[in-house]
Structure formats: C-alpha cells, structure tokens
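**Student:** The structure's right below; bear with me while I get my questions together.
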Amino acid sequence: MSLLLILAFVGFGLMIGTLFGFFGMGGSFLVTPALLVIGYPAEVAVGSGLAFVFGTSVIGAIKHRDHGHVDYKLAAIMTVAMTIGIEAGKYVVLFLKATGQADLIISIAYVGLLAIVGLFTLRDARSTDDESSVDLSETVQGIELPPIVTLRGDIQVSGVIIFAVGLAVGVLSGFLGVGGGFLLMPAMMYGLGVPAAVAVGTDILQITISGAYGAFSYAQADAVALPVVGAMLIGSALGARIGAGATDLVDEDDIKGYFAAMLLAGSLAVSAKQLGTAYGIEALNTVSIVLIFGAALLVSSAVVLAAICRLRGDATGTWCRLTTS
C-alpha cells in the first residue's frame, strides 16, 4: 500500500473506532463494504472486517466495563451461539466463492439488511408516540420457555430465545464479515428489552470473543489483509475510547438516530458500487467511496460534538442545536 492509502486507513480507523465505542459495533459493517468498494475480493473483505472487529473491541470492552454497561450472562449466551453461527456462515462464503457468486450475493445481502435495519431504527428514533414504536420485547419476555435468564434491569427472557437470536446473527456475521453489532444492538433493544447503553456494552464484550474466532477462522484460509487491518487499528485505538465515553452523554434516541444514518449510508454505498460495476459508470463507484468515508466522518463528528455539548450543558449554539435536536 502507498503511504497515502495507509494514512487514509488510519483516519478511517479513528472514525470507525469512535462509532464502535458509541454504537457497540466493531465497524465491520462499514469496513467490509469499504474494502469491497476499493476492490478487495469478497472473502478478504469479510475476513479483514472480522479481524478489525476483534482488535477494536478489546479497547471498547474495557471502557464499557468501567461504565457498567455490560450484562455478562447475556454476553456469554450470545457469544457461544454466535461462534457456532459464524462457522456456518464462513462455509457459505467459501462455497459461494467457488461458484463465482460471492461478491454479488454478499453485496445484495448487505444492501438489504442495512436498509431494513436502518429504516426500522430511524422510524423508532423519530417516533414521538410510544405506541407507534415496534417493540417486541414484552411479547418475547412473555414466552416462558425454560431456562429463564434474568438480565440487567430485572428483565427475564428465555435462554433458548437468546441462544436462537445469537445463532441467527452468527450465521449472518460469518456470511457478511460483520461482528453482528448492527444486528445484535436492535435485537437486544427491541427484541429483549435491554436498555441502549447496556446493549452497546454487552454487544462489545461478545464481539471481542466472536470477532477473534471469526478472524482466526478466515486467517486460516489466508483471507485477511493484515496491512489494512493494522493501519485501521492504529486509529481505532483512540476512537474507541472517545466513543465509549460519549455513550453516557448522549440521549438514547440520538444514539438510535446516528445508528440508522450509518446503516443507510452503508446500504446506499454498496448499491452505488454494484450499479457502477454492472453498467460501467465510474461516477457511481466514486459516489460509493464518498458515501462510506463521508458518512463515517460526519456521524463520528456529530457524536463527538453532541457529547461535548451535553458535557458543557450548553445547547444554545447553532451546532449544538443541530446535533442534539
């Protein structure tokens, strides 16, 4: 890699680290499509995304533990289930690679999942009527299938359901090269009823373990771009600590709104890349790169600014009003 590209990945890692510490996502939901957009093979993009997840999550997990945002029982069940699922997802990717369809199918899956979860989260963040918010937690908590697990906040949920959710997310994680954060965070909030801050911290803890397993699994298949991962980890080391500290300072609805913006930007970026490749429109390839890197920059900057405004208790300035409104 050229020095300019290395510096670009360091900066990208800083932004993603901030988002990771804030949202509880390892950033692979942006790293993998970013590498696809740049031109890396699908299996390398997936493996590198999981390797980056592991490296970043160690820092964030320690910080969130200090803030008391971790439910260890929930994390343990999710980690076991996701580890099994990741292995299954990896074999799907390798099978698709052998058929020559990996890039197209993974990209389509990204577009669909990011768009659906992003629109769902945006709808909930903008909703002012509690009844209009889709929340399945009461229904899920009402399913008394033993063993019953008591989570933080005196929330009781069937351990079987928690395991099933983790298994499903694990399969998608191994298939798409994500740590599962962009799926687990809404699953824990809307499905299990876990508070946003606890969902973030718990998610990061399980990502540390499942990300390590996924990265090791792909490394055995020689599908990890170590120079890229190393450059991004340099920047993310600082960003993860910044984002984790911001979680305590920003409202839950704001967390959901920023989260939705990142997912929708990722969906648009991969869509633009696929259309540009299919029809030979170079401008769309450029648009996809701008969307990936631009969204990371704008949202990470908004997170930091919102935290500063809340910390100062001063939302009277123009930028503070825009960020915290």
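**Student:** Of a type in the set (A, V, I, L, M) and crowded, with 23+ Cβ neighbours inside 10 Å: does that describe LEU104?
**Tutor:** When the stated conditions are applied, LEU104 does not pass them.
**Student:** Show the residue pairs meeting these rules: Cβ distance below 7 Å; 6+ apart or different chains; first residue within the range 206-228 and more than 14 Å from ALA42 (Cα to Cα) and in contact (Cβ under 8 Å) with a residue 60 or more places away in the chain; second residue part of a helix (DSSP H, G or I) and charged (D, E, K, R).
**Tutor:** Matching pairs, first to second residue: SER217/GLU87; SER217/LYS90.
**Student:** OK, next. It is to be established whether one or more residues within the range 276-293 are within 28 Å of SER236 (Cα to Cα), of a type outside the set (Val, Ile, Thr), part of a helix (DSSP H, G or I) and open to solvent by 70 Å² or more (accessible area, probe 1.4 Å).
**Tutor:** Scanning the range 276-293 turns up no residue that is within 28 Å of SER236 (Cα to Cα), of a type outside the set (Val, Ile, Thr), part of a helix (DSSP H, G or I) and open to solvent by 70 Å² or more (accessible area, probe 1.4 Å).
**Student:** Name, by its number, the condition in (1) under 22 Å from GLY89 (Cβ atoms); (2) crowded, with 23+ Cβ neighbours inside 10 Å; (3) at pLDDT below 80 that does not hold for THR202.
**Tutor:** Only one criterion is unmet by THR202, namely (3).
**Student:** Do you know which residues across the range 239-268 are under 12 Å from GLY118 (Cβ atoms) and of a type in the set (A, V, I, L, M)?
**Tutor:** Of everything in the range 239-268, those that are under 12 Å from GLY118 (Cβ atoms) and of a type in the set (A, V, I, L, M) turn out to be ALA260, ALA261, MET262, LEU263, LEU264, ALA265, LEU268.
The values are calculated or read from the model by the stated rules, or taken from the named source; none is laboratory data. Because the structure is a prediction, the values reported are computed rather than measured. Here Cβ is always computed from backbone atoms with ideal geometry, including for glycine, and neighbour counts include all displayed protein chains. For the accessible areas, the whole protein counts, side chains as well, though only heavy atoms, and no ligand, DNA or RNA atoms are used. Shrake-Rupley method; radii C 1.70, N 1.55, O 1.52, S 1.80 Å.
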